[in-house]
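Reading through the structure tokens given below for one structure.
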Amino acid sequence: MEDDKIPGSHWKRCQKWQSMLSSRGIVNIIGFWLLVAMIGSVSRSDGALCPAVCRCEEEALTTSCANAALEFVPIQLNPEVKNIDLSNNKISNLHFTFTFYDKLVQLDLSSNKISTLGSANFEYQRALKHLNLSSNEIEKLSKDSLKGLKALKVLDISYNRLEKLTSIAFRELHSLLILKLRGNRLMHFEDGLFKSTKHLEELWVEDNQFLVVPSSALSDVQTLRHLSLSRNLIESIAEGEMAQLSQLSTLQLDGNVISDINPKALAPLLSLDHLDISDNNFTALPTNSISKLSNLTTLRFSGNFINNIPSLAFRGLFHLKYVKLDRLQNLETIDPRAFVDNVHLEKVIMDFNIAMEKLPTRLFHGNPKLKCVSVRYNKLESLEVTHFPLDQLRELKVGGNPLQCNCSLSWLWQLIKIQKSKSKSAKLGNNTVNSMEEQAEQEHHHDLMLDVADIRCNGPEDMKDHLLSEASKYQMDCSVGWMAAVSVAVTVLFILAVIGGVVYWAPNRKSKSNKKKGQINKNGDLSTLDTMLRRPPSCPMNGMMVEPYEVTRIEKSSLGIMPPAILHPNEYRSLPPWDPYGAGHCQSTMNIYETLDENTKPRPHIVYV
Ligand SMILES: *[C@@H]1O[C@H](CO)[C@@H](O)[C@H](O)[C@H]1NC(C)=O
Ligand SMILES: *[C@@H]1O[C@H](CO)[C@@H](O)[C@H](O)[C@H]1NC(C)=O
Ligand SMILES: *[C@@H]1O[C@H](CO)[C@@H](O)[C@H](O)[C@H]1NC(C)=O
């Protein structure tokens, strides 16, 4: 410390003290002596006084007296001090106390009992950049409350009791960049309030009582980038009610009761990047109102009352990357074309949509950049591989749905197995010997992460309340296993018996038409067999899971009893080659999506018999 400086400072302090004495009453002197008496033990370090309850770092010119039950601002600190932290004390007034510290850059008075800032108490704080007055009991700002704070960049008066701000309250805050007024009782801003704060970039007014966007006051701050009006009482935004904030990049309007935004209202917000209109009273997506926001990358629309996401719901939002659509309790349907305009979409969160039973197939077909999809805690009973572009996804969350874990989920089960084996081998270290096949398989799935521990089954009976990952291979197998083979054999025997019966019985009934009748009966029976072979009873919708060799075997064995004409040789030759996925092994899921694309490849099972 430059000791020679101290006496001078003390002298200056004395001068101020004298001038104060003359101009302001004796009350403060009493306060001062009370304070000195209260602090009692005072330590001296490097020539400055530091109350025992404070921590003074003389080098850094920083003093912290947080949580010290102080009732007054200590006035004997080093007058050169730059940072004072007085948060969490019991300070109730500031009269004349900061007069001593004109080098202050940062002052934290949060969580005290200040009910008034008085007048001109910051007059000497010409260097103060950061003032935190949050969580006090301030009821109003008079015209001189903040007088002198010409360098102030950040002002936090959140969680006070402000009901009104006079239009000249901020008139000297020419440097203000960030203003936080959250948690007060403000209903509007008077015109001209921001006339002097020409550089304001962030305005936080959450948890107040605004009924409309205070647009005429805001029109003075063209530099505004962030505006938060969350949790107010705004019901709608009419045309012209949004100021011309062409720099605004984030607008938070969540937690209001907005049911309507005029289609032109948001048009002036040319730079808007983030829009949060969650938890409002929308009953339909305000597609027309947001479609002008061509630079929007993030949209939050959770907690509204829509029941449908229509085709092109996010029309014109070509730069949209992230969309959050949680807690839409009435949402039942999504149009498969809902996201087609959003070619840059990367992340879609649609959790807790408790009425949503079904996802449209290929909902994300037009979104080549999609990386993350979350549909947790919906009412989905089944998930199809065609719902998700698995080959490009990095993260897929489907936990918390009442899934029917039958074999139609075998693709998901396979992905879970792969993820588990991968995390196991990752735990064991890189030098684990993996088969080439396994390695290739894992590379295919680069980083697709599933919320394995949350994917539970609600049925069938034997899987209820179990994790899907606990399902056995058998439970996930739609193929004609040995059980099915046995049942087919039994059926074949039954049919043989029926045919035998018909052949035996027919001649006794009618002598002339017996041959024709027999043919018809045979055809009828064979078509049943045909149906059974094509669609194994255990998985009617999943013919592609049928084990090819098994079917071929059965088919050949049945050939003996079939009229040869039923199997057309051409059809037989035109069988498509079995692909590995179609053969019931989902390892090559890299291109599941394409493999199962009905248009690109014929379904093998249809051709049989
Ligand atoms: C002001 O203090 C409160 C409480 O300590 C803190 O939460 C808040 O972030 C501070 N404000 C600023 C602008 O630093
Ligand atoms: C907004 O929705 C809530 C919840 O449904 C309802 O209680 C409230 O009356 C609605 N408010 C307006 C202004 O529509
Ligand atoms: C599996 O469960 C879903 C949902 O209940 C059902 O739609 C589907 O038909 C079932 N598939 C099989 C093979 O049982």
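Here are some notes:
- Placing Met187, Met463 in order of accessible area, with the largest value first and a 1.4 Å probe, yields Met187, Met463.
- Spin-label model, Ala497/Ser423: points 7 Å from Cα along the beta carbon direction are separated by 5.2 nm.
- The residues neighbouring Phe352, those whose beta-carbon lies less than 9 Å from its own, together hold a net charge of 0 under the Lys/Arg +1, Asp/Glu -1 convention.
- Out-of-range pairs (alpha-carbon distance over 21 Å; input Lys397/Lys422; Lys153/Lys292; Lys164/Lys195; Lys90/Lys129; Lys324/Lys358): Lys153/Lys292; Lys90/Lys129
- With the largest listed first and rounded to whole Å, the semi-axes of the equivalent ellipsoid of the range 116-187 from the Cα gyration tensor are 18, 13, 11.
- Using the Cβ of Lys371 as centre and a radius below 9 Å, the other residues enclosed give a net charge of +1, where K and R count +1 and D and E count -1.
- Label-point gap, in nm, between Glu384 and Glu163 - each point 7 angstrom along Cα→Cβ: 6.1
- Label-to-label distance, Glu137 versus Tyr474, with points set 7 angstrom from Cα along the beta-carbon direction: 7.3 nm.
- Two-decimal log10 I(q)/I(0) for the range 84-213, as the Debye equation yields it once each C-alpha is a single scatterer, q = 0.10, 0.15 Å⁻¹: -0.27, -0.63
- Solvent-accessible area of Lys371, all protein chains in place: 70 Å² (probe radius 1.4 Å, heavy atoms, ligands and nucleic acids excluded).
- Counting Lys and Arg as +1 and Asp and Glu as -1 over every other residue whose Cβ lies under 14 Å from the Cβ of Lys164, the net charge comes to 0.
- Heavy atoms of Lys420: accessible area, 1.4 Å probe, square angstrom to 10: 90
- Linear extension gain, Glu239 paired with Ala355, 0.36 nm per residue minus alpha-carbon span: 38.4 nm
- Heavy-atom accessible area ranking, 1.4 Å probe, most first, across Val490, Val323: Val490, Val323
- Sorting Ile258, Ile354 by accessible area puts them as Ile354, Ile258; the probe is 1.4 Å, largest comes first, and only protein heavy atoms count.
- Amide H contacts for Met449 (H built 1.01 Å from N in the peptide plane; partners 5 or more residues away or on another chain; cut-off under 5 Å): Glu395, Leu396.
- Using all pairs of distinct alpha-carbon atoms, the Kirkwood hydrodynamic radius of the range 337-412 works out to 12.7 angstrom.
The values are calculated or read from the model by the stated rules, or taken from the named source; none is laboratory data. Remember, it's a predicted structure, so these values are computed and weren't measured experimentally. No Cβ is skipped: glycine too gets one built from the backbone with ideal geometry, and neighbour counts run over all protein chains shown. Heavy atoms of the whole protein, side chains included, go into the accessibility calculation; ligands, DNA and RNA do not. Shrake-Rupley method; radii C 1.70, N 1.55, O 1.52, S 1.80 Å.
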